[in-house]
Structures are given as structure tokens and as C-alpha cells.
Amino acid sequence: MSEPHYLPTREGYDVWSLYYDGDDNALIALEEPLVRQLLNDVRGLRVADVGCGTGRHAIPLAAQGAQVDAYDFSDGMLAKAKAKPGAERVNWIHYDVTSRLPATDACYDRVLSALVIDHVPRLGAYFSELRRVCRPNGLMVVTVVHPAMLLRGVTARFTDPRTQLEVRPQAERHLMSDYVMAILGAGLRIEQMSERAVDAALAARSERAAKYLDWPVLLLFVLRP
Ligand SMILES: C[S@@+](CC[C@H](N)C(=O)[O-])C[C@H]1O[C@@H](n2cnc3c(N)ncnc32)[C@H](O)[C@@H]1O
């Protein structure tokens with residue numbers, strides 16, 4: 001494999017959007033059922049999906065009856081999302097989520113940030129913003145590629161099938177303590193923190209995952225304001 005080709009985050013995801021949903025992605029295989037279970041019954045709830053990508057979570061949540069605002073700054077990812085069945089139920093918002101969100105204080109029952117914070121440079125400001133928009137009795141679910149992947153030289157990446165080049169949207173090198181301290185600094189309570197490794201069953205299903213057997217690949221937080 002040649003040297004990774006780094007792109008600015010937004011540009012990287014505009015290209016990745018062409019292939020994102022078809023990727024053999026171990027992280028997503030582990031993350032998706034956990035997130036669905038943690039968010040539980042969202043019928044009638046207001047949900048923010050911050051960094052929604054191609055609507056992997058936003059569309060099923062809206063189909064369950066949630067009122068979903070889905071934020072992302074990649075035209076490519078949003079275009080893929082909007083072309084999917086059920087997309088019309090979601091309020092798609094083209095937005096840089098490192099800025100103050102266009103939402104009033106305490107307006108969401110659930111705030112989801114899935115596989116985004118490794119691209120966020122100022123974690124403290126980001127978590128404070130999630131806290132601001134979450135209702136006092138609300139819940140936040142935050143997932144991210146596990147910092148242990150940095151030890152394997154891995155940040156968010158894909159292979160562009162047109163060039164066979166490994167492309168990496170710009171990502172930060174946050175460690176576990178950076179996440180935890182930013183969360184606590186924003187005045188949030190950690191209700192749950194879990195780390196998931198690739199197990200034998202997943203390794204058998206996914207060639208890409210098999211390279212990381214028993215290695216932690218996913219970090220997940222459940223947070224309360
Ligand atoms: C790995 S994808 C995850 C997408 C989706 N949450 C999922 O889990 O399938 C990361 C997403 O974060 C978005 N993103 C990264 N930095 C962002 C920013 N500053 N503002 C808005 N979106 C951002 C990217 O455009 C991309 O869609």
C-alpha cells in the first residue's frame with residue numbers, strides 16, 4: 001500500500017461519500033446495534049444527529065417516529081443521505097458542527113454524535129455545545145474510532161477504488177484522556193463508557209476486521225447533562 005493521501009476533512013468525505021455505504025467497515029458493524037439499543041424508543045422525541053453523514057442513523061431514527069435534525073458539512077455525504085428512501089422525514093442541515101449549532105438551548109431529547117469527534121479539533125467547545133442543546137433529562141450518545149487505532153497508524157480512511165490510493169480525511173490525534181477530560185470539563189456526566197474490540201465472529205465476517213482481532217476499535221460514551 002502506498003503512503004496515505006491526506007485531504008481536508010470536508011473534501012475527504014465528499015470523495016468518501018461515493019463509497020461510504022458500501023465499505024466493509026468493522027467499526028460500523030460494532031457500533032450500529034449498540035447505538036440503536038442505547039437510543040431505544042425515540043418515538044415522538046427530538047433528536048440531533050451531529051455529523052450525520054449518509055444518514056445511517058438519522059433515517060432509521062426518523063422512520064421510528066423521531067423528529068430528527070441531521071447536521072453535516074459534506075455536500076457529498078448529505079447528497080447520498082437525501083437520495084435514500086425515508087430521507088424526506090429528516091431535517092437535513094448543511095452545517096459545520098464545530099460552530100454553535102443553529103438550535104435553541106435544551107431543545108433535543110437525544111443528541112447523537114457518531115464517528116465524528118476524531119475530526120473535531122476543540123473537543124471542549126464541541127461537548128459544551130452538545131450539552132447546551134440537550135434537555136436536562138436528555139441523553140447523549142457519542143461514538144468514535146478508538147484511540148488505540150492510532151497505535152496501529154490508523155485514522156479514518158478508505159481506499160479510493162478509482163486510484164487504489166488510501167485516502168484519509170484530516171483527523172485529530174486525540175487520546176482517551178483528551179476525550180474524558182473534555183467531557184468532564186464541559187460539565188457532562190459519563191453514564192457509560194465502553195470499548196469494543198473485534199471478536200472472532202466479526203473477524204470471520206469481515207476481511208478488514210480480521211486484521212484487528214482482539215484490538216479495541218470502538219469507543220462509546222453515554223452522557224448526561
Ligand atoms: C465517519 S463519518 C460518520 C457519519 C455518520 N455519523 C455515521 O456514523 O455513519 C464522519 C462525518 O462527520 C462529518 N464531519 C466531520 N467534521 C465535520 C464538521 N466540522 N462539521 C460537520 N460535519 C463534519 C463528515 O462530513 C462525515 O459525514
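Residues checked against (1) farther than 25 Å from residue 77 by Cα; (2) not acidic (Asp, Glu):
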{"site": "115", "(1), (2)": "no, yes"}
{"site": "133", "(1), (2)": "no, yes"}
{"site": "149", "(1), (2)": "no, yes"}
{"site": "160", "(1), (2)": "no, no"}
{"site": "171", "(1), (2)": "no, yes"}
{"site": "176", "(1), (2)": "yes, yes"}
{"site": "183", "(1), (2)": "yes, yes"}
{"site": "191", "(1), (2)": "yes, no"}
{"site": "194", "(1), (2)": "yes, yes"}
Test: residue 20 is touching an Asp or Glu at 6+ places or on another chain (Cβ under 8 Å), in contact (Cβ under 8 Å) with a residue 12 or more places away in the chain, aromatic (Phe, Trp, Tyr) and near the ligand (Cβ under 9 Å from one of its atoms): no
Residues satisfying the stated conditions in the range 98-135, i.e. near the ligand (Cβ under 9 Å from one of its atoms), small (Gly, Ala, Ser) and open to solvent by 40 Å² or more (accessible area, probe 1.4 Å): 99
Evaluation of residue 61 against (1) open to solvent by 30 Å² or more (accessible area, probe 1.4 Å); (2) within 12 Å of the ligand (Cβ to nearest atom); (3) over 23 Å from residue 99 (Cα atoms) (one fails), failing number: (1)
Check on residue 95, open to solvent by 40 Å² or more (accessible area, probe 1.4 Å) and among the aromatic types (Phe, Trp, Tyr): yes
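Being out of contact with any helix residue (DSSP H, G or I) (no Cβ under 7 Å at 6 or more places or on another chain) and more than 24 Å from residue 7 (Cβ to Cβ) is true for just one of 166, 207. Which residue is that? Let's see the steps before the verdict.
Numbers: 166 fails: more than 24 Å from residue 7 (Cβ to Cβ).
One residue alone meets the criteria, 207.
The values are calculated or read from the model by the stated rules, or taken from the named source; none is laboratory data. Only a predicted model underlies this, so the values are computations on that prediction, with no experimental measurement involved. Quick reminder, even Gly has a Cβ in these numbers, built from the backbone with ideal geometry, and neighbours come from all protein chains shown. In case anyone asks, the SASA skips ligands and DNA or RNA and just uses the protein heavy atoms, side chains included. Shrake-Rupley method; radii C 1.70, N 1.55, O 1.52, S 1.80 Å.
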